[in-house]
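The values are calculated or read from the model by the stated rules, or taken from the named source; none is laboratory data. All of these numbers come straight from a predicted model, not from anything done at the bench. Cβ placement follows ideal geometry from the backbone for every residue including glycine, while neighbour counts extend to all protein chains displayed. Please note that ligands, DNA and RNA were not included when accessible areas were found on the heavy atoms of the full protein model with its side chains. Shrake-Rupley method; radii C 1.70, N 1.55, O 1.52, S 1.80 Å.
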Amino acid sequence: MALPTRSSVSRREYLKAAVAVGGAVGLAACTGELDDETSVPTGDPERRPQRQHAWNEVLSVTEDGHTELPAHHVLAALSLKATPTDADHEQVETAFRSLERAYGYDPDGLLFTVGYGPSYFEQIGVESPIPQPEALTRSESPELDGFDGLVHLASNNPAVVVEAEEALFGAVKEPNGVAMEATLSGVFEPSEPRRTGFVGQGLPAEFADEIGGVPDEMPDEAPFFMGYKSGFPNSQAPEDRVTIQDGPYAGGTTTHVESLDIQLRTWFEQDDQFLRVAQMFSPAHAKTDRVPGIGDALGSTSGIEPYADQAAADARSEGIVGHAQKAARARDADGTPPLLRRDFNTVDNDFPGLHFLSHQRSIADFVRVRAAMAGEDLAGSGVGRSHNNGILQYIFVNRRGNFIVPPRDRRALPEV
């Protein structure tokens, strides 16, 4: 994505574009837009919890119970340069602790996780604790992440995610005025793809005039490209549910990243609000007008639980089944969702999309939920493989990747 002319876009849009561009150009654009009074808290590594994915205690929560993610996100891919040594281990941990001193454990500071893919474990000659990524439905043929590490950087301040990324490889010596005592250089090198994105009410609409595929019909206040609120408290796993309970990675989690293109013009221009609600939630939600607008009327719950077991019946009798309705079929026996979603909108490649990032105790949990979302068992019983089968005809999987996210004391070059 190219950096737009400053006079052609709003300040918020310019900042989002600067994060997408990254590097020295993106950082200069970010810092040039932030006033001198913008303050970023510094941090203390000892304040960070052992669980890298434990963000909820510092995230804002709305009146209706929605947990709000930071606005700006970068997924930085890493490639290991050689078999790591004890000195490399110390260097990498020092680099991450330097970031923790530079930025507070706070959405206005920096939240981040460090994960490792199967190729990392193959390089160091040990069995991977997670499987290789693979296509999960018959209709997809995604690129598969084959790099070694993934750092997820998130902050409300766009300059922070770009500066932190640059600091990890030595391009910035003193992020937020705090010296980096080490970097990743010499141990890792940046890899591809670099992925970026954003979350927040009204942010997707700002791209309507700047990239292809975003129709005017998208609500101005929508927090996600498809027009509805997401991450209802009843549809999110607690952090304890996604935490590994035993073994060498106890206290950690796994991450799956599924990168999607979204056909928004078809979604908004082909179907009306009734059909969009039926496909996103359930036919019952549409019939009872439970989702006017972007879904604020739902409050703290999607209300999907009573309709999960009706998916097959709705497919036959209504000729349509909802995305949330299908996914709810994969909940635990006690009704707990197994995935903690921290996904975000993207305009990588100048097209609207979503980086669906989820944490779960095992990759098998994700595979189970994704199979329920795909609804291949429903195809032919009143709905097609994609037509009226949730939102499948509007989303297209480009990439998949699996990662283990160790607890903080094992995040630097784990060996088993």
(request) Answer with yes or no whether PHE351 is open to solvent by 30 Å² or more (accessible area, probe 1.4 Å) and out of contact with any helix residue (DSSP H, G or I) (no Cβ under 9 Å at 6 or more places or on another chain). (result) yes
(message) If ASP216 meets every condition in (1) open to solvent by 10 Å² or more (accessible area, probe 1.4 Å); (2) touching a residue at least 40 places away in the same chain (Cβ under 8 Å); (3) not aromatic (Phe, Trp, Tyr) apart from one, which number is that one?
(response) (2)
(message) Every residue in the stretch 154-173 that is of a type in the set (D, E, K, R) and either touching a residue at least 60 places away in the same chain (Cβ under 8 Å) or surrounded by 24 or more Cβ atoms within 10 Å (Cβ to Cβ) (or both), please.
(response) GLU163, GLU165, GLU166
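Looking at the stretch 71-84, is at least one residue among the aliphatic types (A, V, I, L, M), open to solvent by 70 Å² or more (accessible area, probe 1.4 Å), more than 18 Å from GLU163 (Cβ to Cβ) and not in a loop (DSSP other than H, G, I, E, B)?
Within the stretch 71-84 (the criterion being among the aliphatic types (A, V, I, L, M), open to solvent by 70 Å² or more (accessible area, probe 1.4 Å), more than 18 Å from GLU163 (Cβ to Cβ) and not in a loop (DSSP other than H, G, I, E, B)), the answer is no, since none of the residues qualifies.
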(request) Determine if the stretch 27-38 includes at least one residue that is open to solvent by 80 Å² or more (accessible area, probe 1.4 Å), of a type outside the set (D, E, K, R) and at pLDDT 70 or above. (result) no
(request) Show the residue pairs that are 6+ apart or on different chains and have beta-carbon atoms under 6 Å apart, the first residue being within the stretch 41-52 and under 13 Å from SER98 (Cα atoms) and in contact (Cβ under 8 Å) with a residue 60 or more places away in the chain, the second being open to solvent by less than 60 Å² (accessible area, probe 1.4 Å) and among the aromatic types (Phe, Trp, Tyr). (result) GLY43/TYR103; GLY43/TYR105; ARG48/TYR105
(message) Would you confirm whether or not the stretch 117-125 contains a residue that is open to solvent by 50 Å² or more (accessible area, probe 1.4 Å), farther than 30 Å from TYR14 by Cα and under 19 Å from the mean Cα position of the chain (by Cα)?
(response) no
(request) Go over the candidates ASP106, ASP88 one by one and state the one that is assigned to a loop (DSSP other than H, G, I, E, B) and either closer than 24 Å to PHE403 by Cα or not aromatic (Phe, Trp, Tyr) (or both). (result) ASP106
(message) Given (1) among the aromatic types (Phe, Trp, Tyr); (2) touching a Pro at 6+ places or on another chain (Cβ under 8 Å); (3) crowded, with 23+ Cβ neighbours inside 10 Å, identify the lone condition not met by PHE268.
(response) (3)
(request) Go through (1) out of contact with any Asp or Glu (no Cβ under 9 Å at 6 or more places or on another chain); (2) in a helix (DSSP H, G or I) and name the single condition TYR307 misses. (result) (1)
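Listed here are the residues, each with its yes/no results for (1) touching a residue at least 24 places away in the same chain (Cβ under 8 Å); (2) among the acidic types (Asp, Glu); (3) closer than 24 Å to LEU298 by Cβ; (4) open to solvent by 40 Å² or more (accessible area, probe 1.4 Å).
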{"position": "SER185", "(1), (2), (3), (4)": "no, no, no, yes"}
{"position": "ARG195", "(1), (2), (3), (4)": "yes, no, no, no"}
{"position": "PRO204", "(1), (2), (3), (4)": "yes, no, yes, no"}
{"position": "ARG241", "(1), (2), (3), (4)": "yes, no, yes, no"}
{"position": "GLN245", "(1), (2), (3), (4)": "yes, no, no, yes"}
(message) Can you go through SER39, SER98, SER60 and tell me which one is more than 20 Å from the chain's Cα centre (by Cα) and more than 17 Å from ARG411 (Cβ to Cβ)?
(response) SER39
(request) State whether one or more residues within the stretch 317-335 are open to solvent by 60 Å² or more (accessible area, probe 1.4 Å) and touching an Asp or Glu at 6+ places or on another chain (Cβ under 8 Å). (result) yes
(message) So the check is Cβ under 9 Å with 6+ separation or different chains; which pairs have a first residue in the stretch 395-411 that's within 18 Å of PHE351 (Cα to Cα) and of a type outside the set (Lys, Arg) and a second one that's at pLDDT below 95 and in a helix (DSSP H, G or I)?
(response) ASN398/ASN349
(request) For GLY375, indicate whether it is touching a residue at least 60 places away in the same chain (Cβ under 8 Å), over 17 Å from the mean Cα position of the chain (by Cα) and buried (at least 23 other Cβ atoms within 10 Å of the Cβ). (result) yes
(request) Evaluate the stretch 202-223: report whether one residue or more is at pLDDT 95 or above and under 17 Å from the mean Cα position of the chain (by Cα). (result) no
